[in-house]
Amino acid sequence: MIRYLSILMLLIITACSNDGTNRNPYLQEISFRFEANLNLPSYSPLTNTGSAVFIQSATAGTKGVFVINAGFDQFRAFEASCPNHAPNDCSTMTLNGQVATCSCEDYEYSLFTGQLLNRPEDGNRYYDMLEYRTSFGGNIVVISN
């Protein structure tokens, strides 16, 4: 009986894992909901696959949101503040095609994946872009967190 309890305890201990995500310490995850109507000129580029727009609004993200049409009525949205330092004067990234660039350190991020493209090889922890939820229907892209 003790043998079975020992095996059971061993299985319980080894089954536990730390799969928690590493939360970005630089960016707060704020709640918001923003609707981008693709019939409006500001957002009409999103009707084309691979096109991206920067939404600079106090009601969308911390420093704004980048949205890209990933194809097949799928959209991805990311925080416009660089994820590798606290928001400041230079942390709002700029849009260059399908890449967002942080002017503080010239970090570049893919808008298709949110990944840091030029990650330094210095052993430090670097974060990818903070992604927001999107849904699409009736020519409206809803971005939320």
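Some values worked out for this structure:
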| item | result |
| --- | --- |
| In region 114-141, residue farthest from the chain's Cα centre (by Cα) [restricted to those that are of a type in the set (D, E, K, R) and under 15 Å from Tyr26 (Cα atoms)] | Arg125 |
| Meets criteria (surrounded by 15 or more Cβ atoms within 10 Å (Cβ to Cβ), within 20 Å of Pro25 (Cα to Cα) and of a type outside the set (Gly, Ala, Ser)) for Pro87 | yes |
| Given (1) touching a residue at least 24 places away in the same chain (Cβ under 8 Å); (2) touching a Phe, Trp or Tyr at 6+ places or on another chain (Cβ under 8 Å), number of the condition Ser57 does not satisfy | (1) |
| Thr94 being loosely packed, with under 14 Cβ neighbours inside 10 Å, of a type in the set (Ser, Thr, Tyr) and under 17 Å from the mean Cα position of the chain (by Cα) | yes |
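Yes/no matrix, rows are residues, columns are (1) touching a His at 6+ places or on another chain (Cβ under 7 Å); (2) loosely packed, with under 14 Cβ neighbours inside 10 Å; (3) without any contact (Cβ under 8 Å) to a residue 60 or more places away in the chain; (4) part of a strand (DSSP E or B):
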{"position": "Ala100", "(1), (2), (3), (4)": "no, no, yes, yes"}
{"position": "Glu121", "(1), (2), (3), (4)": "no, yes, yes, no"}
{"position": "Arg125", "(1), (2), (3), (4)": "no, yes, no, no"}
{"position": "Ile143", "(1), (2), (3), (4)": "no, no, no, yes"}
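Each reported figure results from applying straightforward, stated rules to the coordinates on display, with no laboratory input. Fair warning: this is a prediction, and the values are worked out from it, not measured in the lab. Please note: Cβ atoms are built from the backbone with ideal geometry, for glycine as well, and neighbour counts cover all protein chains shown.
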